[in-house]
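The values are calculated or read from the model by the stated rules, or taken from the named source; none is laboratory data. Keep in mind it's a predicted model, so treat the numbers as computed, not measured. All Cβ positions, even for glycine, are placed from backbone atoms using ideal geometry, and neighbour counts span all protein chains on display. Side chains included, ligands, DNA and RNA excluded: accessible areas come from the protein's heavy atoms. Shrake-Rupley method; radii C 1.70, N 1.55, O 1.52, S 1.80 Å.
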Amino acid sequence: MMRRSGSADFLTTLFPGGRSPQPGELKRFPQLAATVAQTLTAHGVPTTCDDLAAVQPEWVEPLSVSYRGHDVLALPVPKSQETVALEALGILDGFDLAGMDPADRQHHQSEALRIRFAFAIDNLVEPTEPMLEAVRRGISPDGLAEARGRIGRQAVDAPRFRVVMTNDQVSLEAEFPESVRRDLAARGQRLGTAPDVMGAAQMVRIHRGEGGIGPCLECGVDHRLDGVALGW
(Lines give C-alpha, C1' and ligand atoms only; values in the text may rest on other atoms or scores of the structure.)
Protein backbone atom coordinates (compact mmCIF):
# COMPACT_ATOMS: atom_id res chain seq x y z
CA MET A 1 0.00 0.00 0.00
CA MET A 2 1.36 3.45 -0.92
CA ARG A 3 1.27 5.90 1.94
CA ARG A 4 3.47 8.70 0.60
CA SER A 5 2.12 12.22 0.36
CA GLY A 6 0.32 12.70 -2.93
CA SER A 7 0.03 8.96 -3.56
CA ALA A 8 -3.72 9.26 -4.21
CA ASP A 9 -3.10 11.72 -7.06
CA PHE A 10 -0.37 9.45 -8.38
CA LEU A 11 -2.70 6.43 -8.47
CA THR A 12 -5.54 8.42 -10.02
CA THR A 13 -3.25 9.75 -12.76
CA LEU A 14 -1.36 6.61 -13.74
CA PHE A 15 -3.94 3.97 -12.86
CA PRO A 16 -7.24 5.34 -14.15
CA GLY A 17 -10.06 2.97 -13.36
CA GLY A 18 -7.88 1.30 -10.75
CA ARG A 19 -5.67 -0.67 -13.12
CA SER A 20 -2.43 -0.17 -15.01
CA PRO A 21 -2.40 0.12 -18.82
CA GLN A 22 -2.21 -3.19 -20.64
CA PRO A 23 0.51 -3.98 -23.22
CA GLY A 24 -0.24 -2.12 -26.44
CA GLU A 25 -3.01 -0.07 -24.85
CA LEU A 26 -2.87 3.66 -25.59
CA LYS A 27 -3.48 5.87 -22.59
CA ARG A 28 -3.63 9.62 -22.40
CA PHE A 29 -2.63 11.48 -19.25
CA PRO A 30 -3.58 15.15 -19.75
CA GLN A 31 -3.27 15.93 -16.05
CA LEU A 32 0.25 14.47 -15.91
CA ALA A 33 1.21 16.30 -19.12
CA ALA A 34 0.07 19.60 -17.63
CA THR A 35 2.08 18.97 -14.47
CA VAL A 36 5.22 18.10 -16.44
CA ALA A 37 4.86 21.18 -18.65
CA GLN A 38 4.32 23.45 -15.66
CA THR A 39 7.31 22.00 -13.82
CA LEU A 40 9.65 22.35 -16.80
CA THR A 41 8.48 25.90 -17.46
CA ALA A 42 8.96 26.87 -13.82
CA HIS A 43 12.57 25.65 -14.03
CA GLY A 44 13.47 27.68 -17.09
CA VAL A 45 12.44 25.33 -19.91
CA PRO A 46 9.28 26.79 -21.48
CA THR A 47 7.09 23.79 -22.34
CA THR A 48 3.45 23.34 -23.30
CA CYS A 49 1.20 20.30 -23.48
CA ASP A 50 1.31 20.61 -27.27
CA ASP A 51 5.11 20.30 -27.10
CA LEU A 52 4.76 17.06 -25.16
CA ALA A 53 2.09 15.73 -27.54
CA ALA A 54 4.44 16.37 -30.48
CA VAL A 55 7.22 14.23 -29.03
CA GLN A 56 7.80 11.10 -31.08
CA PRO A 57 9.78 8.12 -29.79
CA GLU A 58 12.82 7.14 -31.81
CA TRP A 59 14.27 3.64 -31.88
CA VAL A 60 18.03 3.54 -31.38
CA GLU A 61 20.29 0.51 -31.55
CA PRO A 62 21.55 -0.17 -28.02
CA LEU A 63 25.16 -0.73 -27.07
CA SER A 64 25.82 -4.28 -25.95
CA VAL A 65 28.48 -6.41 -24.27
CA SER A 66 28.45 -9.98 -23.10
CA TYR A 67 28.86 -10.71 -19.40
CA ARG A 68 28.83 -14.27 -18.08
CA GLY A 69 26.69 -15.47 -20.96
CA HIS A 70 24.19 -12.59 -20.80
CA ASP A 71 23.81 -9.69 -23.23
CA VAL A 72 23.91 -6.43 -21.28
CA LEU A 73 22.39 -3.45 -23.09
CA ALA A 74 22.71 0.31 -22.63
CA LEU A 75 21.45 3.39 -24.40
CA PRO A 76 24.01 4.84 -26.82
CA VAL A 77 24.84 7.89 -24.72
CA PRO A 78 28.65 8.17 -24.82
CA LYS A 79 29.42 10.20 -21.70
CA SER A 80 27.26 8.48 -19.11
CA GLN A 81 27.79 6.23 -16.13
CA GLU A 82 25.57 3.71 -17.89
CA THR A 83 28.09 3.41 -20.73
CA VAL A 84 31.04 3.31 -18.31
CA ALA A 85 29.41 0.47 -16.37
CA LEU A 86 28.71 -1.41 -19.61
CA GLU A 87 32.34 -1.13 -20.72
CA ALA A 88 33.62 -2.15 -17.28
CA LEU A 89 31.46 -5.28 -17.37
CA GLY A 90 32.91 -6.13 -20.77
CA ILE A 91 36.42 -5.82 -19.36
CA LEU A 92 35.66 -7.93 -16.30
CA ASP A 93 34.04 -10.68 -18.39
CA GLY A 94 37.55 -11.67 -19.46
CA PHE A 95 38.70 -12.38 -15.89
CA ASP A 96 37.95 -15.28 -13.57
CA LEU A 97 36.69 -13.10 -10.74
CA ALA A 98 35.31 -16.06 -8.79
CA GLY A 99 38.77 -17.62 -8.66
CA MET A 100 40.45 -14.50 -7.23
CA ASP A 101 41.00 -13.63 -3.61
CA PRO A 102 38.84 -10.71 -2.41
CA ALA A 103 41.60 -8.09 -2.70
CA ASP A 104 42.57 -9.14 -6.21
CA ARG A 105 38.93 -9.23 -7.29
CA GLN A 106 38.29 -5.76 -5.87
CA HIS A 107 41.43 -4.48 -7.57
CA HIS A 108 40.27 -5.69 -10.99
CA GLN A 109 36.77 -4.29 -10.49
CA SER A 110 38.11 -0.90 -9.40
CA GLU A 111 40.62 -0.69 -12.23
CA ALA A 112 38.04 -1.64 -14.86
CA LEU A 113 35.88 1.29 -13.74
CA ARG A 114 38.88 3.60 -13.39
CA ILE A 115 40.07 2.88 -16.94
CA ARG A 116 36.67 3.52 -18.46
CA PHE A 117 35.90 6.63 -16.38
CA ALA A 118 39.26 8.09 -17.48
CA PHE A 119 38.44 7.25 -21.09
CA ALA A 120 35.04 8.93 -20.86
CA ILE A 121 36.41 12.04 -19.16
CA ASP A 122 39.33 12.47 -21.55
CA ASN A 123 37.74 11.51 -24.86
CA LEU A 124 33.96 11.77 -24.80
CA VAL A 125 32.35 15.19 -24.96
CA GLU A 126 29.14 15.54 -26.97
CA PRO A 127 26.84 12.66 -27.99
CA THR A 128 27.95 12.74 -31.61
CA GLU A 129 28.46 9.87 -34.00
CA PRO A 130 32.30 10.03 -33.69
CA MET A 131 31.93 9.75 -29.91
CA LEU A 132 29.59 6.79 -30.29
CA GLU A 133 32.07 5.16 -32.65
CA ALA A 134 34.80 5.60 -30.00
CA VAL A 135 32.55 3.81 -27.49
CA ARG A 136 31.83 1.01 -29.97
CA ARG A 137 35.57 0.52 -30.50
CA GLY A 138 36.03 0.45 -26.74
CA ILE A 139 33.52 -2.38 -26.29
CA SER A 140 34.76 -4.34 -29.31
CA PRO A 141 36.74 -7.54 -28.60
CA ASP A 142 40.02 -5.78 -29.41
CA GLY A 143 39.13 -2.73 -27.32
CA LEU A 144 38.19 -4.82 -24.30
CA ALA A 145 41.32 -6.96 -24.67
CA GLU A 146 43.47 -3.82 -24.71
CA ALA A 147 41.81 -2.58 -21.52
CA ARG A 148 42.33 -5.95 -19.81
CA GLY A 149 45.96 -5.83 -20.80
CA ARG A 150 46.30 -2.44 -19.11
CA ILE A 151 45.19 -4.00 -15.84
CA GLY A 152 47.64 -6.88 -16.31
CA ARG A 153 50.54 -4.56 -17.15
CA GLN A 154 50.19 -2.83 -13.81
CA ALA A 155 52.21 -5.66 -12.31
CA VAL A 156 55.10 -4.66 -14.59
CA ASP A 157 54.72 -0.95 -13.92
CA ALA A 158 54.33 -1.29 -10.16
CA PRO A 159 57.25 -0.13 -7.96
CA ARG A 160 59.91 -2.82 -7.51
CA PHE A 161 62.12 -3.88 -4.65
CA ARG A 162 65.26 -5.94 -4.35
CA VAL A 163 66.58 -7.90 -1.39
CA VAL A 164 70.37 -7.47 -1.24
CA MET A 165 71.73 -10.40 0.74
CA THR A 166 75.29 -9.06 0.90
CA ASN A 167 74.28 -6.23 3.23
CA ASP A 168 70.82 -7.42 4.36
CA GLN A 169 69.09 -4.41 2.86
CA VAL A 170 65.92 -3.96 0.87
CA SER A 171 66.25 -1.57 -2.06
CA LEU A 172 63.05 0.24 -3.06
CA GLU A 173 62.30 2.18 -6.21
CA ALA A 174 61.52 5.85 -5.78
CA GLU A 175 57.82 5.29 -6.60
CA PHE A 176 57.21 3.63 -3.21
CA PRO A 177 55.28 6.08 -1.00
CA GLU A 178 57.09 7.55 1.99
CA SER A 179 54.44 6.08 4.27
CA VAL A 180 55.41 2.57 3.09
CA ARG A 181 59.07 3.30 3.71
CA ARG A 182 58.37 4.49 7.25
CA ASP A 183 56.23 1.46 7.99
CA LEU A 184 58.90 -0.94 6.71
CA ALA A 185 61.61 0.80 8.70
CA ALA A 186 59.45 0.61 11.83
CA ARG A 187 59.22 -3.15 11.28
CA GLY A 188 62.96 -3.49 11.28
CA GLN A 189 63.63 -3.52 7.55
CA ARG A 190 66.95 -1.98 6.52
CA LEU A 191 66.20 0.15 3.49
CA GLY A 192 68.83 0.89 0.90
CA THR A 193 69.09 3.02 -2.21
CA ALA A 194 67.72 1.42 -5.36
CA PRO A 195 70.17 0.99 -8.24
CA ASP A 196 69.50 2.71 -11.55
CA VAL A 197 68.20 -0.52 -13.07
CA MET A 198 65.85 -2.81 -11.17
CA GLY A 199 65.04 -5.08 -14.07
CA ALA A 200 62.54 -4.63 -16.87
CA ALA A 201 60.01 -6.63 -18.82
CA GLN A 202 58.56 -6.91 -22.29
CA MET A 203 55.39 -8.89 -22.80
CA VAL A 204 53.43 -10.45 -25.63
CA ARG A 205 49.95 -11.64 -24.72
CA ILE A 206 48.37 -14.19 -27.07
CA HIS A 207 44.61 -14.11 -27.58
CA ARG A 208 43.79 -17.34 -29.41
CA GLY A 209 40.18 -16.51 -30.11
CA GLU A 210 38.63 -17.90 -26.94
CA GLY A 211 35.68 -16.03 -25.50
CA GLY A 212 35.29 -13.82 -28.55
CA ILE A 213 38.72 -12.20 -28.16
CA GLY A 214 41.13 -12.37 -31.08
CA PRO A 215 42.91 -14.18 -32.45
CA CYS A 216 45.39 -11.35 -31.94
CA LEU A 217 48.65 -10.42 -30.23
CA GLU A 218 48.84 -7.72 -27.56
CA CYS A 219 52.26 -6.26 -26.74
CA GLY A 220 53.53 -4.11 -23.91
CA VAL A 221 56.92 -2.71 -22.92
CA ASP A 222 58.20 -1.63 -19.53
CA HIS A 223 58.31 2.13 -18.96
CA ARG A 224 61.77 1.75 -17.41
CA LEU A 225 63.54 1.22 -20.70
CA ASP A 226 63.59 2.22 -24.34
CA GLY A 227 62.44 -0.69 -26.43
CA VAL A 228 59.63 -2.40 -28.20
CA ALA A 229 57.72 -5.63 -27.68
CA LEU A 230 57.09 -7.58 -30.87
CA GLY A 231 54.94 -10.59 -31.56
CA TRP A 232 54.34 -12.59 -34.71
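This table checks each residue for (1) closer than 22 Å to Ile151 by Cβ; (2) over 32 Å from the mean Cα position of the chain (by Cα).
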position: Ala34; (1), (2): no, yes
position: Pro46; (1), (2): no, yes
position: Trp59; (1), (2): no, no
position: Pro62; (1), (2): no, no
position: Thr83; (1), (2): yes, no
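Restricting segment 139-172 to residues that are outside any helix (DSSP H, G or I) and modelled with pLDDT of 85 or more, the residue that is farthest from the chain's Cα centre (by Cα) is Gln169.
Working only within segment 16-62, note down all residues that are under 30 Å from Val135 (Cα atoms) and in contact (Cβ under 8 Å) with a residue 12 or more places away in the chain. Of everything in segment 16-62, those that are under 30 Å from Val135 (Cα atoms) and in contact (Cβ under 8 Å) with a residue 12 or more places away in the chain turn out to be Val60, Glu61, Pro62. Taking only segment 59-79 into account, find how many residues are part of a strand (DSSP E or B) and modelled with pLDDT of 90 or more. Number satisfying all stated conditions: 9.
Counting the residues of segment 152-193 that are open to solvent by less than 70 Å² (accessible area, probe 1.4 Å) and touching a Phe, Trp or Tyr at 6+ places or on another chain (Cβ under 8 Å) gives 6. Look at Leu184 and say whether it is closer than 30 Å to Val60 by Cα, hydrophobic (A, V, I, L, M, F, W, C) and modelled with pLDDT of 80 or more. When the stated conditions are applied, Leu184 does not pass them.
Scanning segment 64-79 for residues that are touching a residue at least 24 places away in the same chain (Cβ under 8 Å) and farther than 20 Å from Ala145 by Cβ turns up Pro76, Val77, Pro78, Lys79. Restricting segment 21-51 to residues that are of a type in the set (Asp, Glu) and open to solvent by 70 Å² or more (accessible area, probe 1.4 Å) leaves a set whose member that is nearest to Leu75 (Cα to Cα) is Asp51.
Of the set (1) closer than 19 Å to Thr128 by Cα; (2) among the hydrophobic types (A, V, I, L, M, F, W, C); (3) touching a Gly at 6+ places or on another chain (Cβ under 7 Å), all apply to Val65 but (1). A single entry from Asp101, Asp93 fulfils the requirement of being of a type in the set (Asp, Glu), surrounded by fewer than 14 Cβ atoms within 10 Å (Cβ to Cβ) and at negative phi: Asp101. Among the residues of segment 52-64, is there at least one that is open to solvent by 70 Å² or more (accessible area, probe 1.4 Å), touching a helix residue (DSSP H, G or I) at 6+ places or on another chain (Cβ under 6 Å) and not hydrophobic (A, V, I, L, M, F, W, C)? Checked segment 52-64: no residue is open to solvent by 70 Å² or more (accessible area, probe 1.4 Å), touching a helix residue (DSSP H, G or I) at 6+ places or on another chain (Cβ under 6 Å) and not hydrophobic (A, V, I, L, M, F, W, C). Among the criteria (1) in contact with a Gly (Cβ under 7 Å, 6 or more places away or on another chain); (2) modelled with pLDDT of 85 or more; (3) not hydroxyl-bearing (Ser, Thr, Tyr), the one Arg136 does not fulfil is (1). Among the residues of segment 80-90, at least one is open to solvent by less than 80 Å² (accessible area, probe 1.4 Å), out of contact with any strand residue (DSSP E or B) (no Cβ under 8 Å at 6 or more places or on another chain) and at pLDDT 90 or above. The criterion of being in a helix (DSSP H, G or I) and of a type outside the set (A, V, I, L, M) holds for Glu111.
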